Amino acid sequence: MTADLSRIDTQTFDRILCAAARVFARHGLRGLEMASIAAAVADETGVAPAALRRDFPTRLDLACAIALNSGRRLVDDQLADRRPGEPAERIERLVRRHIDHFRHRRAEEDLRRTVLPTLRAVDPARYRELSELRTTYLHHLRSIVADGATQGRFPVDSPDASASAVLETLESVVNWYEPGDGLSAQELGDVYTDLIVHHHLGGPRG
């Protein structure tokens with residue numbers, strides 16, 4: 001039996017988009033026609049191919065939905081953490097959540113970066129939507145860095161520039177990390193926390 005996208009829950013919809021992202025990861029953004037993508041996703045998830053093609057008529061529509069879904073999940077998860085703590089503790093929690101997101105959603109995040117230049121050229125409205133997610137994340141990160149600077153924990157000249165450097169460093173994890181390479185999530189989080197807190201932000205050790 002196949003499912004109609006209009007009748008599924010959020011968790012199942014997310015699973016469908018994750019499956020589609022894996023298809024794009026195997027074949028590239030333009031490697032398959034939409035009909036073949038829909039059939040591959042149907043084989044894995046049970047969604048009706050016609051329903052997928054109705055909601056996402058083109059490959060770009062589907063790729064954009066995948067990118068937005070992944071980006072929103074990352075940003076919503078980061079903004080949801082309102083626990084108190086020293087700035088370095090808050091940065092560490094942010095780093096580890098970011099690492100965990102990228103480990104589990106590598107295909108989606110690869111696609112998000114791939115689709116941005118195309119959207120910028122052909123669909124400025126959706127490009128802005130994706131870009132605004134990153135801006136929201138950057139503002140959240142800047143607020144933590146600024147708190148640390150105000151408290152004398154992070155001796156940075158510009159919270160804006162430092163937050164941008166931190167986010168670029170975090171986003172670099174997708175360039176090289178492979179879960180099978182022998183570095184655990186804990187170890188990867190340790191590496192990036194040390195790099196960001198002590199190198200980029202100048203936080204004291206110990």
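Please treat every number below as a calculation from the coordinates, not as lab data. Please read these numbers as outputs of a predicted model, since none were measured by experiment. Note: ideal-geometry Cβ built from the backbone for every residue, glycine included; neighbour counts use all protein chains shown.
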* Structure fact -> Taking 0.36 nm per residue of separation between Gln186 and Ala50 and subtracting their Cα-Cα distance, the length gained on full extension comes to 44.8 nm
* Note down the nm distance, to one decimal, between modelled labels 7 Å out along Cα→Cβ at Ala125 and at Arg22. => 3.3
* **Most mobile of Ala40, Ala125, Ala67 in a GNM of the chain (Cα contacts under 10 Å)** => Ala125
* Asked: Taking neighbour counts of Cβ atoms within 10 Å as a proxy for exposure, in what order, fewest first, do His98, His140, His27 appear?
  -> His27, His140, His98
* Asked: Which longest run of the chain has no exposed loop site in it, a site being trypsin sites (Lys or Arg not before Pro) in a DSSP loop with at most 16 other beta carbons within 10 Å, and the site itself not part of the run?
  -> 83-204
